[in-house]
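Working notes for the structure below.
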Amino acid sequence: MNDSLAAVFESFEVYGSYLSCRPYGSGHINDTYVAAFSQSGTRVRYIFQRINHHVFKNPGALMENIHRVTVEARQRLEEAEIPDISRRSLKLIAANDGRPFVVDAEGYTWRCYLFIEGARTYDVIENEQQAYEVARAFGDFQRLVAGLSGGRLHETIPDFHNTRSRFEKLRAAADADKLGRLREVREEWEFVRRREELVDVLLNLQAKGTLPERITHNDTKLNNVMIDDTTQTGICVVDLDTVMPGLALYDFGDMVRTATSPALEDEPDVSRVRMQMPMFSALVRGYLSSAGGFLNDAEIAHLAFSGKLITLEIGIRFLTDYLEGDVYFKTARPSHNVDRCRTQFALVRSIEEQEAAMNKLVESLAR
Ligand code: ADP
Ligand code: GN1
Ligand code: MG
């Protein structure tokens, strides 16, 4: 372990002697580590995360959100007398000065969570039960934090799911084409242009008051739900950086994006990408089981659409990042963002082919 990591560990209320540490997870933004300590002979693990402050411009506000949300979730779980609470909601470990984060010598903000043992996340969906559980867990999370008092949460990234503004940023990147990469992805840019009208649909419904603002997670990737190794139930939602005001459909849409296709997000062979109806059905059933009580008719009517829109949106973001020189998402190979973009657009196509049937299914399940 290097000295700067050691200094970070020592700044938190973490006891015992240090055993080991390694990078962890497959996120595209922050740096995550798991570290183990021996506490009177017992091995106890923690998650340490360094926040990417190029992406999150105000880490203090972000940590205030996470602190409020995790305390709220814990209180609601306690009231409901749910067992095993420390595995069902993220638990922030305080810094020595009492704050829920530490700023290191280089100015980076770090946080520390209790490690949730006996559970794991999945990068690719394996079965319908997982899809059901992931959707149920995100719906439960929305329900748990719906009554949060103390004012509106900070917008940790303004316009995060504003699909019009995502579209305009792509247009600007394509117009500027500062690295001359547009010729490699002209087809992808045309793919988006032909679908421009989609980007305003949810925004217009929100402006009319048809879709309500809620507290949403906004990064509801499959790998942001811990699934219990024994019971196979979704026990805890993680990755709370983007918990802020949003539309429930942004959350459902990202579940469709990440939990209906059997291929990895960066699968180079796009012929492997497809929207699988049994997974979609499980997502709808899981989500309605926990969120069905508060969703309105317009939200339910747009569940399938939201999958198409959010998949298009994230594809737009990967494409924009490629045109801008891979400055936002972590990449491991030159074509990484293009590969990611192509899987997203292949999934959009697959959803378009099945959208009528998806809508029919939602109707029958919601009845
Ligand atoms: P990123 O923003 O980089 O995706 P996450 O907060 O999602 O970071 O963490 C990355 C991975 O680490 C998650 O997918 C999950 O597998 C694991 N993880 C995160 N928090 C915990 C925790 N408290 N206990 C156990 N594993 C965790
Ligand atoms: C990023 O941090 P991570 O890997 O969970 C991104 C999401 C994208 C996702 C695509 C703050 O999520 O919005 O949907 O990659 N997070 C941020 O995989 O931009
Ligand atoms: Mg994550």
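The values are calculated or read from the model by the stated rules, or taken from the named source; none is laboratory data. Since we're looking at a predicted model, the values are computed, not measured. Ideal geometry is used to build each Cβ from the backbone, glycine not excepted, and the neighbour counts take in all protein chains shown. Ligands, DNA and RNA are stripped out before the accessible areas are found, and what is left, the full protein with its side chains, is counted by its heavy atoms. Shrake-Rupley method; radii C 1.70, N 1.55, O 1.52, S 1.80 Å.
Look at S26 and say whether it is of a type in the set (G, A, S) and either assigned to a helix (DSSP H, G or I) or more than 16 Å from ligand 2 (Cβ to nearest atom) (or both). It is false that S26 is of a type in the set (G, A, S) and either assigned to a helix (DSSP H, G or I) or more than 16 Å from ligand 2 (Cβ to nearest atom) (or both). Close Cβ contacts (under 7 Å, 6 or more residues apart or on different chains) running from residues in the range 101-113 that are at pLDDT 95 or above to residues that are of a type in the set (F, W, Y) and part of a loop (DSSP other than H, G, I, E, B) comprise T109/F101; W110/F101; R111/F101. Given the criteria in the same structural domain as V14 (by TED's automatic domain parsing), touching a residue at least 24 places away in the same chain (Cβ under 8 Å) and assigned to a loop (DSSP other than H, G, I, E, B), does L62 qualify? In short, no.
I'd like to know if the range 293-302 contains one or more residues that are without any contact (Cβ under 8 Å) to a residue 24 or more places away in the chain and on the phi < 0 side of the Ramachandran plot. Working first, answer last.
First pass over the range 293-302, keeping only residues without any contact (Cβ under 8 Å) to a residue 24 or more places away in the chain: 297.
Checking the rest, the ones that are also on the phi < 0 side of the Ramachandran plot come to 297.
Yes.
Of all residues in the range 129-137, none satisfies being surrounded by fewer than 21 Cβ atoms within 10 Å (Cβ to Cβ) and outside any helix (DSSP H, G or I). Out of the residues in the range 60-72 meeting the condition of being open to solvent by 20 Å² or more (accessible area, probe 1.4 Å) and in contact with a strand residue (DSSP E or B) (Cβ under 8 Å, 6 or more places away or on another chain), tell me which one is nearest to ligand 3 (Cβ to nearest atom). Looking at residues that are open to solvent by 20 Å² or more (accessible area, probe 1.4 Å) and in contact with a strand residue (DSSP E or B) (Cβ under 8 Å, 6 or more places away or on another chain), I get H67. Candidates in the range 200-221 are the residues that are away from ligand 2 (no atom under 16 Å from the Cβ) and either basic (K, R) or modelled with pLDDT under 95 (or both); of these, the one that is surrounded by the fewest Cβ atoms within 10 Å (Cβ to Cβ) is K208. Would you confirm whether any residue within the range 266-274 is within 16 Å of ligand 3 (Cβ to nearest atom) and not β-branched (V, I, T)? Yes, because at least one residue in the range 266-274 is within 16 Å of ligand 3 (Cβ to nearest atom) and not β-branched (V, I, T). Return the pairs, sorted by first residue and then second, in which the second residue is open to solvent by 70 Å² or more (accessible area, probe 1.4 Å) and hydroxyl-bearing (S, T, Y), the first residue lies in the range 17-37 and is within 10 Å of ligand 1 (Cβ to nearest atom), the beta carbons are less than 8 Å apart, and the residues are 6+ apart or on different chains. Cβ pairs passing all conditions: T32/Y24; Y33/Y24; V34/Y24. A residue that is away from ligand 2 (no atom under 16 Å from the Cβ) and assigned to a helix (DSSP H, G or I) occurs nowhere in the range 222-231. Considered as a group, the residues in the range 179-217 that are among the basic types (K, R) and over 17 Å from F318 (Cβ atoms) include one that is farthest from the chain's Cα centre (by Cα), and that residue is R183.
For (1) among the charged types (D, E, K, R); (2) open to solvent by less than 20 Å² (accessible area, probe 1.4 Å); (3) out of contact with any Gly (no Cβ under 7 Å at 6 or more places or on another chain), each residue gets a yes or a no:
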position: G27; (1), (2), (3): no, no, yes
position: F56; (1), (2), (3): no, yes, yes
position: R74; (1), (2), (3): yes, no, yes
position: S86; (1), (2), (3): no, no, yes
position: F101; (1), (2), (3): no, no, yes
position: C112; (1), (2), (3): no, yes, yes
position: I116; (1), (2), (3): no, yes, yes
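Taking into account only those residues within the range 38-54 that are open to solvent by less than 40 Å² (accessible area, probe 1.4 Å) and touching a residue at least 40 places away in the same chain (Cβ under 8 Å), which is farthest from ligand 1 (Cβ to nearest atom)? Applying the filter and picking the extreme gives V44.
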